[in-house]
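Working notes for the structure below.
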Amino acid sequence: MEQKKQTSYEIEELDQYLFGQGTHYEIYKKLGAHKAKKDGVEGVYFAVWAPRAQGVSVVGEFNGWNTEANRMERQEPLGIYTCFIPGVQEYQMYKYCVWTYTGEAVFKSDPYGNYAEYRPGTASKVADLSKLKWTDKAWMKKRKTWDHKESPMSVYEVHIGSWKRHPGREDEGFYSYREFGEAVAEYIKYMGYTHVELMGIAEHPFDGSWGYQVTGYFAPTSRYGTPEDFAWMVNHLHENGIGVILDWVPAHFPRDLHGLANFDGTPTYEYADARKGEHPDWGTKIFDYGKNEVRNFLIANALFWVEQFHIDGLRVDAVASMLYLDYGKQDGQWIPNEYGDNKNLEAIELFKHLNSVMKKRNPGVVMIAEESTAWPKVTGDVEEGGLGFHLKWNMGWMHDFLEYMKLDPYFRKHNHNQMTFAMSYAYGENYILVLSHDEVVHLKCSMINKMPGIGEDKFSNLKAGYAFMMGHTGKKLLFMGQDFAQQREWSEGRELDWYLLGEENHRHMQEFVRDLLYLYREHPALSEMDKSWDGFEWINADDCFRSIYSFVRYSAKKKKNLLFVCNFTPVEREDYMVGVPMDTDYRLVLDSDSAKYGGNSKRKKKVYTAKLQECDGRKHSIAYKLPAYGVAVFEFEPGAAQKGKRSHEKKGTEKDKQK
């Protein structure tokens, strides 16, 4: 028994079998570098998969980078190389020297390494994840019963390196994981988001890739601290009631010599045929999803972030590029599948396998697909032919919404359906509405500068757009800076322009978005029936000449329902009449013209009682002064009419009798 404990870190026959089958879900505990003890001596056990290598050795600070000092032993049948090196300390740097079939020696970072040298260095570092400390037991217990379909989910997308920076420091001034965790938790709690989505966490060599070209899939980037610091940040966010989502990139990886590309001198992690194994537009390699060990690498990696670092969800990047063999390719640059079409059958099976395993092992964790096509059943059950994701980015809604919002208000009447079309397919998938980082870079303009007009009109336009988004079915995501109307396009090389909050327009925008987010969180009508037509009803989807949209969101119990009215022109409607679904009172709970948002309405009637006057095909209606680019949100429920109204109606009836 003692001997088994002593060698449990070693690669055993069962490990090889499961890895070869693609089902060793904790293979990261065996491959990589792990603190161990052999014959009573402490050190580190190294293991790396390099099936076509002639030989491998470990080189590092502990052996003077000597390629002959620590040769590894090959384990058959998979070609895993292993060795134990006594005396190696945590955070010491190392690489694998791989001798290829041509006899060339190439130096590679550890594919399963948990920590990396600060860029531009490319070595791996020994890290001991067994010492991570967690105090988020209550959060983790609650997560198991979290329902992604009915619960509110408003995501704050963040790039740590450009959220805030320390001014005047000689280095780049990055916030550490711990500093960022404390600061962003405070901000998110103030604003009312439910989750933070972090870009660029897995180790990557080039800042300009934003973390979407990964070389260290099992290593939190060293730009902001150690793995222990990263765990502290996640733990702190959980203790503050904030979920953590990571961007995850299984679609491709870079050609960097120290990374996965041609790892053992041959295509190891990528398809061998360039027509399947390369993205021409991106200059990157495509994982070989047909190889069991590669699928295992990816599935285990997704589980690693969730199970070792308590991550609450993964936003899977570039799903469409994985599903289609001809994605971004011209004729002659791709190979059809065995049935002669363009579906990557191996990637499809990867998603089904991954999402099934994730749901079984980690209930409550959300898997989100960034998928930009009409691929069916992305969020459908695997048992029914779906891919098994929980949520899908609604790229169609995003495109139509932005195209409409950029229009001069005069031309919006000719494009009215761009804001209503998404409801025709809203229940085909479980959607999340996104205004992400991709929409505010590369000359696309910031959100505020997409808006037509000048000055106040731009801010009023954007407020109306955000209100429409918050009322629409689907979860929500905003990229950092959008909630206070960042003027410049986002750049990874500088922090957000927080100084703008010294100006009234930007403070008012932030306050408006904050109130929208709390309205969303506090009203079940905006989330619990996202998957049912019973939760949404158009009042008027056809008022194109005035560019006004009105609709209702219902809660399951028909309590605290919400009526939205959104005006997308600079024309004020002095006595705008809107049909209502119930003969009851309508309490104004959000008014974009309020003085707190920079509007002109200091005192406005708060309760509007339905009148028996037909409008929008309804028997009852209310009238309201709708400002230019105005938004009004009313709360209502059955039987909530004022007693005064009813008594007044009764007296009126008695007068009629007297006459």
Next item on the list: Output the strands (runs of 3 or more DSSP E) that fall wholly within the range 17-101 and possess 1 or more residues being of a type in the set (D, E, K, R) and out of contact with any helix residue (DSSP H, G or I) (no Cβ under 9 Å at 6 or more places or on another chain), or say none.
Entry: 41-49, 73-75, 93-99
Margin query: Conditions first: (1) exposed (fewer than 15 other Cβ atoms within 10 Å of the Cβ); (2) touching a residue at least 12 places away in the same chain (Cβ under 8 Å). Thr609 passes all but one, so which condition is the exception?
Written below: (1)
Check: Just checking, how many residues over the range 196-219 are assigned to a strand (DSSP E or B) and either free of Cβ contacts under 8 Å to residues at least 40 places away in the same chain or within 18 Å of Asp256 (Cα to Cα) (or both)?
Finding: 6
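Inspect the range 411-432 for any residue being on the phi > 0 side of the Ramachandran plot and not assigned by TED's automatic domain parsing to the domain that holds Tyr597 and give the result as yes or no.
Looking for residues that are on the phi > 0 side of the Ramachandran plot and not assigned by TED's automatic domain parsing to the domain that holds Tyr597, one finds none in the range 411-432, hence no.
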Next item on the list: Kindly list, by first and then second residue, each pair from a residue in the range 337-362 that is without any contact (Cβ under 8 Å) to a residue 60 or more places away in the chain to a residue that is among the small types (Gly, Ala, Ser) and part of a helix (DSSP H, G or I), limited to pairs with Cβ atoms under 7 Å and residues at least 6 apart or on different chains.
Entry: Leu354/Ala302; Met358/Ala302
Check: Restricting attention to the range 122-139, which residues are closer than 26 Å to Leu31 by Cβ and surrounded by 14 or more Cβ atoms within 10 Å (Cβ to Cβ)?
Finding: Thr122, Ala123, Ser124, Lys125, Val126, Ala127, Asp128, Leu129, Leu132, Trp134
Margin query: Considering only residues that are among the charged types (D, E, K, R), surrounded by fewer than 23 Cβ atoms within 10 Å (Cβ to Cβ) and at pLDDT 95 or above, which ones fall in the range 279-305?
Written below: Asp288, Lys291, Glu293
Notebook entry, point to check: In the range 311-333, which residue that is closer than 14 Å to Leu198 by Cα and of a type outside the set (A, V, I, L, M) is surrounded by the most Cβ atoms within 10 Å (Cβ to Cβ)?
Noted result: Gly313
Next item on the list: Give me a count of the residues in the range 473-493 that are more than 25 Å from Ala369 (Cα to Cα) and either modelled with pLDDT under 95 or in a helix (DSSP H, G or I) (or both).
Entry: 2
Checklist line | Residue ranges of helices (runs of 4 or more DSSP H) in the range 263-342 with at least 3 members under 27 Å from the mean Cα position of the chain (by Cα), of a type outside the set (Asp, Glu) and farther than 27 Å from Ala231 by Cβ | finding: 319-323
Check: Could we say that Pro111 is surrounded by 14 or more Cβ atoms within 10 Å (Cβ to Cβ), not hydroxyl-bearing (Ser, Thr, Tyr) and not in a helix (DSSP H, G or I) here?
Finding: yes
Notebook entry, point to check: Within the group Tyr554, Tyr586, which residue is in contact with a Ser or Thr (Cβ under 8 Å, 6 or more places away or on another chain), surrounded by 18 or more Cβ atoms within 10 Å (Cβ to Cβ), among the aromatic types (Phe, Trp, Tyr) and modelled with pLDDT of 95 or more?
Noted result: Tyr586
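The values are calculated or read from the model by the stated rules, or taken from the named source; none is laboratory data. None of the values given here were measured: they were computed from a predicted structure. Cβ coordinates were reconstructed from backbone atoms using ideal geometry, including for glycine residues, and neighbour counts include every protein chain displayed.
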